[in-house]
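Chemist: Dropping a structure here in structure tokens format, bear with me for questions.
The values are calculated or read from the model by the stated rules, or taken from the named source; none is laboratory data. Small disclaimer: the values here were computed from a predicted structure and weren't measured. Here the Cβ positions follow ideal geometry from the backbone for every residue, glycine too, while neighbour counts run over all protein chains shown.
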Amino acid sequence: MKFLASPELEGRGAGSVGLERAGAYIAERFRSLGLRPAGDAGTFFQAFTVTTGAKVGPANHLTVADGDRERTLLMGTEYMPISFSSNRTVKGKVVFAGYGISAAEFHYDDYARLDVKDSIVVVLRNEPPSFHTDKAGKEQVWTHHSNLIAKAINARNHGAAAILLVNGESPQQPEDVLIRFGSVAGPEDAGIVIGQVTRAVAGEWLKAAKPLSELQKQIDKESAPASVALPDSLHVSIEVDVEREHATIHNVAGYLPGETSEYVVLGAHYDHLGLGNESSLAPSLIGHVHPGADDNASGTAGLLELARLFSNAGGERKRGILFLAFSGEEIGLLGSAHWVNNPTLPLDGAVAMINMDMIGRVTGAKLFIGGTGTGSTFEPMLKRLTASSDFKIDFSVGGYSSSDHTSFVAKGVPVLFFFSGLHADYHKPSDTWDKIDPVSAARVVDLVYDVAADLDGAAERPKYVKVVEPAGPGGGPGGGYGPYFGSIPDFGPVKTGVRFSDVRPGSPAEKAGLRGGDILIQFGDKPIANLYDFTFALRGSKVGDVVEVRVLRDGKEITARVTLEQRR
Ligand SMILES: [Zn+2]
């Protein structure tokens with residue numbers, strides 16, 4: 001753990017030398033323990049390519065023509081593209097569209113009676129204060145309408161060619177600072193040109209209408225839009241050049257064979273956030289090593305220790321044991337998704353997958369074990385193996401969560417997930433090795449050993465059980481926002497749309513005849529290119545709405561009518 005979380009390993013971000021050093025270290029350990037290579041072509045490594053980030057290319061510019069005057073803005077000072085902007089050149093007239101929000105629940109729509117087709121819309125950041133203040137004027141949680149990606153999708157769905165953000169005047173935004181490139185999470189390409197201009201620039205454009213601050217005051221005071229098309233003489237032309245960065249990263253796979261072709265998978269991801277990406281929970285410390293000692297040097301060290309224990313235990317193994325160290329977990333479970341779609345051992349031989357993600361910070365003897373309902377034999381087995389345990393175990397039946405076992409349960413492999421809980425250092429540079437409790441972590445590993453050994457020798461392999469989970473919050477798009485739809489998104493890459501790994505039994509999606517493998521491309525009148533679009537579309541719908549959706553199934557387009565339900 002100490003080595004994996006050391007500064008030399010640079011936080012193990014995708015595309016870093018540090019991540020590859022960690023991978024080589026794991027492979028060398030597997031080799032020295034006598035494990036067989038189980039990656040590509042007789043090696044311990046399985047390679048795959050990921051998008052790791054974006055940088056500003058050389059060709060960016062924004063030019064304003066007002067009558068016969070023309071001016072190019074200063075890149076980085078007056079104008080900056082957003083990292084998930086489309087790479088395109090657009091020209092158009094300018095429309096001021098308030099906050100750029102259409103919010104039926106507040107009876108508020110900046111686009112009402114506004115034609116923005118092929119235009120460049122200028123919108124304020126954030127949202128009208130009435131959205132997040134209660135009757136007593138006390139500030140509450142900001143709504144999702146304030147998110148930059150929501151504004152971009154809304155502008156695109158209204159036919160705009162580009163959206164330019166501008167800082168309003170608010171206590172949250174006293175200075176006119178442009179958003180740092182790459183600091184906001186979004187899809188790889190939002191399908192519209194997105195940038196930001198300074199208040200001074202936007203003010204210059206708007207002066208034919210009204211000063212920006214007055215427009216904002218008017219909206220804020222009345223909670224009513226004040227959108228306005230600017231004179232035809234004003235034209236903006238934008239060329240966006242965002243260079244997407246790619247890297248080849250690796251899963252590390254080692255195998256201890258058994259007497260049969262069946263095997264138990266033990267897994268842990270070894271990547272982390274590098275110097276901090278948009279998932280950092282300490283955004284002001286982006287650029288500093290995020291060592292990820294608990295997340296997930298702890299699970300990786302556990303995996304290596306299990307390899308040692310099983311390799312020392314010697315022969316007489318009924319089933320094999322496959323040790324999988326995943327990378328790309330932090331950027332979307334990409335390593336495990338790649339492995340289940342390109343398994344290096346026949347997937348039907350996998351009797352169960354046990355995932356360890358954050359096992360180093362057991363507090364008050366509390367341990368979380370997830371997925372207990374996904375295997376027919378799991379509950380009696382765990383009851384037996386934990387009967388004399390000192391852990392206070394919180395069992396949960398469902399197999400879907402935000403770590404790599406999700407990729408396996410989506411393929412019908414029973415899963416168990418070991419986790420010692422979240423803490424204040426999660427996804428921050430302060431997740432360091434000295435805060436790990438190695439004694440309790442080793443006891444978690446002992447328990448995983450007992451479980452894996454039991455599954456390895458069991459007369460019957462567990463049958464996969466599809467768990468009907470309550471549609472609670474936190475399940476992601478289709479699971480966590482807006483009305484209940486009931487699809488489970490696949491985390492592997494698709495060209496466009498949202499691929500379902502599965503649909504929940506009894507859900508609106510299942511009732512409409514949708515199923516795993518379908519790729520959602522249209523939701524009512526909204527095109528769906530990625531999860532963000534789906535989330536946005538779902539949040540804009542109501543319980544009881546009958547939505548016509550289009551999916552691709554085996555390359556053919558299918559239309560279905562889904563009746564959205566209340567979350568239970
Ligand atoms: Zn993790």
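Chemist: Pick out, from the range 313-394, the strands (runs of 3 or more DSSP E) lying fully within it that include 2 or more residues that are touching a residue at least 60 places away in the same chain (Cβ under 8 Å) and within 16 Å of the ligand (Cβ to nearest atom).
Modeler: The strands (runs of 3 or more DSSP E) meeting that bar are 320-326, 350-356.
Chemist: Another question, if that's okay. Counting only residues that are of a type in the set (Gly, Ala, Ser), at pLDDT 95 or above and out of contact with any strand residue (DSSP E or B) (no Cβ under 6 Å at 6 or more places or on another chain), how many does the range 67-98 have?
Modeler: 1
Chemist: Of all residues in the range 425-454, count the ones that are farther than 22 Å from Phe3 by Cα and either of a type in the set (A, V, I, L, M, F, W, C) or surrounded by 17 or more Cβ atoms within 10 Å (Cβ to Cβ) (or both).
Modeler: Here is the first cut: in the range 425-454, the residues farther than 22 Å from Phe3 by Cα are 447-454.
Of the ones still in play, those that are also either of a type in the set (A, V, I, L, M, F, W, C) or surrounded by 17 or more Cβ atoms within 10 Å (Cβ to Cβ) (or both) are 447-449, 451-453.
Total satisfying the criteria: 6.
Chemist: Which residue is modelled with the lowest pLDDT, if the candidates are limited to the range 107-162 and must be closer than 19 Å to Ala226 by Cβ and among the aromatic types (Phe, Trp, Tyr)?
Modeler: Within the range 107-162, the match that is modelled with the lowest pLDDT is Phe131.
Chemist: For residues in the range 258-282 being over 30 Å from Gly349 (Cβ atoms) and more than 15 Å from the ligand (Cβ to nearest atom), which is modelled with the highest pLDDT?
Modeler: Restricting to residues being over 30 Å from Gly349 (Cβ atoms) and more than 15 Å from the ligand (Cβ to nearest atom), the top hit is Leu275.
Chemist: Counting only residues that are surrounded by fewer than 20 Cβ atoms within 10 Å (Cβ to Cβ) and either aromatic (Phe, Trp, Tyr) or touching a residue at least 40 places away in the same chain (Cβ under 8 Å) (or both), which one in the range 545-563 is farthest from Ile488 (Cα to Cα)?
Modeler: Asp545
Chemist: May I pose another question? Residues to consider are Ala54, Ala5; find the one that is buried (at least 17 other Cβ atoms within 10 Å of the Cβ) and at pLDDT 95 or above.
Modeler: Values: Ala54 fails: at pLDDT 95 or above.
Only one candidate passes the filter, namely Ala5.
Chemist: Being modelled with pLDDT under 95 and in contact with a Lys or Arg (Cβ under 8 Å, 6 or more places away or on another chain) is the filter here; which residues of the range 244-256 pass it?
Modeler: Hit for the range 244-256 is Glu245, nothing else.
Chemist: Tell me which residues, restricted to the range 283-301, are modelled with pLDDT of 95 or more, more than 16 Å from the ligand (Cβ to nearest atom) and outside any loop (DSSP other than H, G, I, E, B).
Modeler: None - no residue of the range 283-301 is modelled with pLDDT of 95 or more, more than 16 Å from the ligand (Cβ to nearest atom) and outside any loop (DSSP other than H, G, I, E, B), so the list stays empty.
Chemist: Another question, then. Return the residue satisfying two criteria in turn: it lies in the range 492-511 and is surrounded by fewer than 21 Cβ atoms within 10 Å (Cβ to Cβ) and over 22 Å from the mean Cα position of the chain (by Cα), and of such residues it is nearest to Gly555 (Cα to Cα).
Modeler: Taking the candidates together, the pick is Glu510.
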